[in-house]
Structures are given as C-alpha cells and as structure tokens.
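Following: one structure in structure tokens, then a few remarks.
The values are calculated or read from the model by the stated rules, or taken from the named source; none is laboratory data. Values in this document were obtained by computation on a predicted structure and should not be read as measured data. All Cβ positions, glycine included, derive from the backbone under ideal geometry; neighbour counts span all protein chains shown. Calculation scope for accessible area: heavy atoms of the full protein, side chains included, ligands and nucleic acids excluded. Shrake-Rupley method; radii C 1.70, N 1.55, O 1.52, S 1.80 Å.
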Amino acid sequence: MTAEQLRFHLKLYFIMGSTNCNRNPLDVLKEAIDGGITFFQYREKGEGALKDEQKLNLALQLQKLCKKVNIPFIVNDDIDLAIAINADGVHIGQEDEPVEMVRKKIGNMILGVSVHNHEEAIMAMNAGADYFGIGPIFPTQTKTDAKPVQGVSLIKELRDKGISIPIVGIGGIHAENAHTVMEAGGDGVSVISAISLAPSVKEAARSIRKSVDTNHSPI
Ligand code: 3NM
C-alpha cells in the first residue's frame, strides 16, 4: 500500500476489543463497517481482556469481517498474533519493542506508532513507521494511562515542519470535534468509545465519517 492509499484508509480508524463493547463485538464491528469505517484495529486490553485462544479466535472472526470489505485489519501491540494470522499491520506505542525491531519482524506489513512529541516522531519515522497515532487530542475515559491532553498542537507542529507522513488523531474524538484534527493537518481520526458504545453504532460511524469527509486536511 502506498502512503497515499494509506492516507485514504486512515480517515475513520475504528479501534476496538471485547472490553470496549457491551454487546457482541462482531455485531459492533459489522455495524461500524455499515456506517463507513475505513480502517480497523483489534485492541484487546484492560480488565477482563481475552487471552490466548479466546483472543486469537476473536481476532480471526473480526479479521474475516474486515477482509470481506477490504478494510485493513491491524493488531495492537501483539506482534506475534499479527504475524500468526497474517494481519495487514500492527500498531505499537513507545513502551513496546523498538520500532526498528518490529519493522524487521513484520516485513512490509503496515506499521503504526503512537508518538507524543517531535523527537519521538522523527525517531519512529526513521525507524520505518508508516503512520502516526497522536493523542490524546481530547480527554478520554478509555485509556487510563493516557498522557496529558495535547489538543492538535503536535499535529500542527509536525505539518509546519514539513512532515507529511500519514497522521491520525486519537482520544475523545466524536462527530462534533473530529473536524479539528482534519483542520490541523491530520488524515483521519481514531475512535473507540464514540463508536463502540454508541446507541447506534452505524449512525455514530456515519456521522464521524461525514465530518472527516467534509473537513479536508489542508495539505
Ligand atoms: N490511545 P476513545 S487515547 C487507545 O493518547 C488510545 O495515545 C490514546 O479512546 C493516546 O476514542 C486512546 O474512547 C483511547 O477516547 C481512545
């Protein structure tokens, strides 16, 4: 996938694991797909998260749904799982294995990295990241160990410095505030709870997609 294709796919990046849903995760993902998500990350984390075989089984079922509609399927942190099921990519944070080592392990798979400042961004880019996740843009209840809220300042800073790598904003994003990420130069938004816990998953996804489609990045 080229950077430009990836940029398109990152528009509405839905992230979810079983702990983010109070319904069957497969139904949630199906409805989110119907609502227009463009990218998906399986993130099985937190209290009560599935392990081992159960984690693998849910991953395979979610991956199948994504494959049917050509939505890239990314695995959070668990590089061995991503390789075992031949996922489209992995997403890692700063606490995980170094970017360079992960790149070596996964070959050409998509590699997303969470970055929180200019220095981390440059290091990740040089080590082979394909896109950045930047956050938390707004306050979030979903990630208990999230860093301080930073708004869109880092997205703006990186764009001002001429860095054109695909970027998604994350943290507390919903239909009413998604436009700020796009206006700052982001390519898309990553969303968990505003979709996974919405009364209508499909409508929530649809309204966020509409917002990112109508608020284009200035670059
Ligand atoms: N990473 P919600 S914030 C997984 O700042 C994650 O890097 C973040 O969930 C970061 O859309 C976050 O429900 C949680 O706020 C996003």
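Numbers at a glance
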| read-out | value |
| --- | --- |
| Label point distance in nm, residue 95-residue 24, each placed 7 Å from Cα along Cα→Cβ | 3.3 nm |
| Of the GluC sites (Glu not before Pro) in the range 140-219, those whose Cβ has at most 13 other Cβ within 10 Å and which sit in DSSP loop | 176 |
| Accessible area expressed per residue, the chain, with surrounding protein chains retained (probe 1.4 Å, Å²) | 47 Å² |
| In Å², nearest 10: area of residue 56 left accessible to a 1.4 Å probe | 60 Å² |
| The range 27-69, dipole about Cα centre (Lys/Arg Cβ +1, Asp/Glu Cβ -1), debye to the nearest 20 | 200 debye |
| Heavy-atom accessible area ranking, 1.4 Å probe, most first, across 101, 125 | 101, 125 |
| CD proxy at 222 nm, helix term only [per DSSP H run n ≥ 4: -39500 (n - 2.57); per residue of the chain; nearest 500] | -11500 deg cm²/dmol |
| Mean separation of Cα contacts under 8 Å (6+ apart) over length of the chain, as relative contact order % | 23 percent |
| Unit charges at the beta carbon, dipole of the chain: most positive-side option, 109, 22, 165 | 22 |
| Principal axis dimensions, largest first and in whole angstrom, of the range 145-219 by Cα | 40, 32, 17 |
| Environment charge of residue 98, counting only residues whose C-beta is closer than 14 Å and scoring Lys/Arg +1, Asp/Glu -1 | -3 |
| Rg and Dmax of the range 1-103, Cα atoms only, in Å | 13.3, 37 |
| Alpha-carbon Debye profile of the range 77-167, log10 I(q)/I(0) at 0.14, 0.21, 0.23 Å⁻¹ | -0.51, -1.03, -1.16 |
| Percent accessible area from carbon and sulfur atoms, the chain, protein chains only, probe 1.4 Å | 51 percent |
| Gain on full stretching of the segment that runs from residue 56 to residue 141 - 0.36 nm per residue minus C-alpha separation | 28.0 nm |
| Accessible-area order (highest first, 1.4 angstrom probe) of the listed residues 18, 207 | 207, 18 |
| Whole-angstrom Cα spans of the chain along principal axes, big to small | 44, 39, 32 |
